[in-house]
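The values are calculated or read from the model by the stated rules, or taken from the named source; none is laboratory data. Values in this document were obtained by computation on a predicted structure and should not be read as measured data. Cβ: placed from backbone, ideal geometry, glycine included. Neighbour counts: every protein chain shown.
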Amino acid sequence: MDAAYLSALAALAGSTIGGLTTLGASWLTQKTQFTAQQRTHEITKREELFSSFMDEASKLYMDAFEHDRADISQLVRLFALVSRMRVLCSPQVVTTADGVARLIIETYLGPNRTFRDVRAILDTATVVEPLQEFSEACRDELRRFGA
């Protein structure tokens with residue numbers, strides 16, 4: 001084989017290997033970036049869902065102390081958030097969210113309370129526990145996603 005051919009083949013092989021290496025590195029970088037973007041999107045979606053649920057549940061829970069009639073449209077919104085969690089979240093998060101929703105309904109069915117009653121209940125810390133349990137379940141889920 002002629003030295004010129006050998007030199008040309010070596011140059012061609014080097015160019016091919018270099019091109020394939022660059023292509024592989026680009027593909028790997030794009031895949032890694034896409035995966036990171038998807039993970040960030042999933043975390044953000046869950047954070048927004050958890051935040052909406054906590055806001056809605058807190059409002060309804062305090063309203064339940066003062067009133068014995070619930071605003072059905074607000075309860076529907078709360079249960080819609082729980083249903084969205086059923087699609088996106090772990091069973092632990094859904095179970096704790098469902099427990100909070102049931103507690104709100106039970107509170108509506110109970111007697112109306114004054115501000116002093118609310119303060120006494122808050123001092124016993126039994127009121128905060130369902131939201132605390134929900135918050136901890138959410139934190140665990142977000143940790144699983146690498147937040």
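Okay, residues lined up against (1) within 22 Å of the chain's Cα centre (by Cα); (2) farther than 18 Å from R86 by Cβ; (3) at pLDDT below 90:
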residue	(1), (2), (3)
R102	yes, no, no
P111	no, yes, yes
I121	no, yes, yes
S135	yes, yes, no
A147	yes, yes, yes
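I need the full set of residues from segment 123-137 which are part of a helix (DSSP H, G or I) and loosely packed, with under 12 Cβ neighbours inside 10 Å, in order please.
Going through segment 123-137, the residues part of a helix (DSSP H, G or I) turn out to be 123-124, 129-137.
Within segment 123-137, D123, T124 meet the criteria.
The rows are residues; the columns are (1) among the charged types (D, E, K, R); (2) in a helix (DSSP H, G or I); (3) in contact with a Ser or Thr (Cβ under 9 Å, 6 or more places away or on another chain).
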| site | (1), (2), (3) |
| --- | --- |
| A8 | no, yes, no |
| T21 | no, yes, no |
| F34 | no, yes, no |
| K45 | yes, yes, no |
| L60 | no, yes, yes |
| S73 | no, yes, no |
| Y108 | no, yes, no |
May I ask you to verify whether V87 is in a helix (DSSP H, G or I), exposed (fewer than 10 other Cβ atoms within 10 Å of the Cβ) and modelled with pLDDT of 90 or more? yes
Apart from one, (1) under 26 Å from Q38 (Cα atoms); (2) surrounded by 13 or more Cβ atoms within 10 Å (Cβ to Cβ); (3) aliphatic (A, V, I, L, M) all hold for A70; the odd one out is (1)
Quick check on this structure: which one of A101, A120 is over 20 Å from T44 (Cα atoms), loosely packed, with under 13 Cβ neighbours inside 10 Å, without any contact (Cβ under 8 Å) to a residue 60 or more places away in the chain and small (G, A, S)? A120
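For the condition basic (K, R) and in a loop (DSSP other than H, G, I, E, B), what is the one hit in R77, R69?
Values: R77 fails: in a loop (DSSP other than H, G, I, E, B).
Criteria check complete, one pass: R69.
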